[in-house]
């Protein structure tokens, strides 16, 4: 079995951050999926790394995972890492393990030494689309009602965004407050949102 093709899928979920999925296809019909971590404005660079690394995978066995990660960092990366390189390697490695699991009929954890836990606590992410404490608290209640016991959210503006005097995000051209003042307001808003979310979880 040899790798025949590497494809990327850049997805816009409607937020400030895009998702980058990788599909590795083989000549016998098996394929594997992986996901590359991304950051705003760096998705295309990561996707380019995936495409470049994919050329080194075509024609090789999908089972040679360690060989791929070693040569990707040592030869392709020149032993000089970057976020884009590590994200690309990660997504491709996930896809290779996916193929290995499918080919052997085993869950990947069996190929990595066996299961360690029977269950794993997870947190909800991407649920808080607003910065107003009352709205965030209401969203937290809805997430807790779905069964989550841990929540994650980021109060900081995305790159290029600014915080207005009301604590809401605005465009750079409309920003007038000094940087220190903006961050002070952002973190005060974050503390209010965190407190409101915690109260929502306790009352759920």
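How do the helices (runs of 4 or more DSSP H) wholly within the range 62-118 filter down when requiring 1 or more residues that are in contact with a helix residue (DSSP H, G or I) (Cβ under 9 Å, 6 or more places away or on another chain) and under 13 Å from residue 50 (Cα atoms): which remain? Steps first, answer last, please.
Working: elements: 65-71, 83-104, 108-111.
Output list reads 65-71, 83-104.
Would you confirm, using the coordinates I've provided, whether residue 125 is modelled with pLDDT under 90 and surrounded by 12 or more Cβ atoms within 10 Å (Cβ to Cβ)? Please lay out each step first, then the result.
Values: modelled with pLDDT under 90: yes; surrounded by 12 or more Cβ atoms within 10 Å (Cβ to Cβ): yes.
Answer is yes for this residue.
Against the conditions (1) surrounded by fewer than 16 Cβ atoms within 10 Å (Cβ to Cβ); (2) in contact (Cβ under 8 Å) with a residue 24 or more places away in the chain, where does residue 80 fall short? Just the number, please.
(2)
Look at residue 43 and say whether it is surrounded by 12 or more Cβ atoms within 10 Å (Cβ to Cβ) and farther than 14 Å from residue 24 by Cβ.
On the way: surrounded by 12 or more Cβ atoms within 10 Å (Cβ to Cβ): yes; farther than 14 Å from residue 24 by Cβ: yes.
Against the criterion (surrounded by 12 or more Cβ atoms within 10 Å (Cβ to Cβ) and farther than 14 Å from residue 24 by Cβ), residue 43 qualifies.
Tally up the residues in the range 119-153 that are touching a residue at least 24 places away in the same chain (Cβ under 8 Å) and part of a loop (DSSP other than H, G, I, E, B), please.
Residues that pass the stated criteria total 15.
Free of Cβ contacts under 8 Å to residues at least 40 places away in the same chain and surrounded by fewer than 15 Cβ atoms within 10 Å (Cβ to Cβ): is that true of residue 67 in this structure? Walk me through how you get there before you give the answer.
Working: free of Cβ contacts under 8 Å to residues at least 40 places away in the same chain: yes; surrounded by fewer than 15 Cβ atoms within 10 Å (Cβ to Cβ): yes.
So residue 67 passes the test.
The values are calculated or read from the model by the stated rules, or taken from the named source; none is laboratory data. Every value quoted in this text rests on a predicted model; they were computed, and no experiment measured them. All Cβ positions, even for glycine, are placed from backbone atoms using ideal geometry, and neighbour counts span all protein chains on display.
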